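The values are calculated or read from the model by the stated rules, or taken from the named source; none is laboratory data. Since we're looking at a predicted model, the values are computed, not measured. Heads up, the Cβs are rebuilt from the backbone with ideal geometry, glycines too, and the neighbour counts pull from every protein chain shown.
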Amino acid sequence: SQTIHQWPATLVQPVGSPLSLECTVEGTSNPNLYWYRQAAGRGLQLLFYSVGIGQISSEVPQNLSASRPQDRQFILSSKKLLLSDSGFYLCAWSGPGRLGQFFGPGTRLTVL
Amino acid sequence: AQKVTQAQTEISVVEKEDVTLDCVYETRDTTYYLFWYKQPPSGELVFLIRRNSFDEQNEISGRYSWNFQKSTSSFNFTITASQVVDSAVYFCALLLSGSARQLTFGSGTQLTVLP
């Protein structure tokens, strides 16, 4: 069965510091991978998605970037965090034979 | 462009009451899929159900049931005999056929079940 991991679970960072959030998927090959942000407690905003290694599509221009160095690894980064980057970050995957997206446990980021 | 509307921002019910969460979608595609996810206080989105556009049969799973009506573009979710553990934010989502398989989410409905 497939599982998706995210870390860290929580993170408190000062403004201007760098960021690296990691997501890995097990039990599947060549998944589509997604990064979402959930701010203000509810709405889900798609930030990036990837259909393969090195292939990243950005949905919203922002202070963040994403990379996919390996088939089942997806990384969300920032060189300098802003206060507005605070939120709950969710990674998700989708793949052949399983319609829909399946989410990781999320990372709660607080920028102070 | 596709859109999902969950008009109910917050709902409060007392335990054992039935509650229906509304979802209305918009799309010009003829092939699409609809989903419901549950987000408990822990934050993780839990997949509940998927429905195909060509299958309007309603579905029941325990206390959960889903009513899909293409004529009104609605995919409503009913919890029967609600329990405190049902308290969560519930999201409806739409998926169009395509290579990237991107989901369009509604804004969510916060359900609070009071003891």
Query raised in the report: Out of (1) within 13 Å of another protein chain (Cβ to nearest Cβ); (2) under 17 Å from B:VAL14 (Cα atoms), the odd one out for B:LEU94 is which?
Result: (2)
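Quick check, is B:VAL85 more than 14 Å from every other protein chain (Cβ to nearest Cβ) and not basic (Lys, Arg)?
Working: more than 14 Å from every other protein chain (Cβ to nearest Cβ): yes; not basic (Lys, Arg): yes.
In short, yes.
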Query - Filtered residues of the range A:45-71 (kept if over 19 Å from A:VAL111 (Cβ atoms), out of contact with any Asp or Glu (no Cβ under 9 Å at 6 or more places or on another chain) and either within 12 Å of chain B (Cβ to nearest Cβ) or of a type in the set (Val, Ile, Thr) (or both)) - result: A:SER50, A:VAL51, A:GLN55, A:ILE56, A:SER57, A:GLU59
Query raised in the report: Which of the residues spanning the range B:30-82 are within 14 Å of chain A (Cβ to nearest Cβ), of a type in the set (Gly, Ala, Ser) and touching a residue at least 12 places away in the same chain (Cβ under 8 Å)?
Result: B:SER53
Report task. Tell me, yes or no, whether the range A:45-53 has at least one residue that is surrounded by 14 or more Cβ atoms within 10 Å (Cβ to Cβ), of a type in the set (Ser, Thr, Tyr) and closer than 20 Å to A:THR3 by Cα. Result -> yes
Report task. Residue by residue through the range A:82-107, note down the ones that are out of contact with any Leu (no Cβ under 7 Å at 6 or more places or on another chain), assigned to a strand (DSSP E or B), of a type outside the set (S, T, N, Q) and facing chain B (nearest Cβ under 7 Å). Result -> A:PHE88, A:PHE102
Report summary line: A careful count of residues in the range A:52-74 that are in a strand (DSSP E or B) and of a type in the set (A, V, I, L, M) gives 2
Query - Subset of the range B:24-44 [among the charged types (D, E, K, R) and in a loop (DSSP other than H, G, I, E, B)] - result: B:ARG28, B:ASP29, B:GLU44
Report summary line: Scanning the range B:1-53 residue by residue, those touching a helix residue (DSSP H, G or I) at 6+ places or on another chain (Cβ under 8 Å) and of a type in the set (Ser, Thr, Tyr) turn out to be B:SER53
Requested in this report: Kindly indicate whether any position in the range B:3-17 is buried (at least 18 other Cβ atoms within 10 Å of the Cβ) and farther than 15 Å from B:ALA88 by Cα.
Outcome: yes
**Report entry** Given (1) surrounded by fewer than 17 Cβ atoms within 10 Å (Cβ to Cβ); (2) modelled with pLDDT under 90; (3) of a type outside the set (A, V, I, L, M, F, W, C), number of the condition B:THR112 does not satisfy
**Finding:** (2)
Report task. Could you list, in sequence order, all residues of the range A:78-106 that are farther than 14 Å from A:VAL25 by Cβ and in contact with a Phe, Trp or Tyr (Cβ under 8 Å, 6 or more places away or on another chain)? Result -> A:TYR89, A:LEU99, A:GLY100, A:GLY106
Query raised in the report: Among (1) more than 9 Å from chain B (Cβ to nearest Cβ); (2) within 24 Å of B:SER42 (Cβ to Cβ); (3) free of Cβ contacts under 8 Å to residues at least 60 places away in the same chain; (4) not in a strand (DSSP E or B), which single condition is A:THR28 missing?
Result: (3)
Report summary line: Here the residues within the range A:59-77 that are among the polar types (S, T, N, Q), under 12 Å from the mean Cα position of the chain (by Cα) and farther than 14 Å from A:ASN30 by Cα are A:SER65, A:SER67, A:SER77
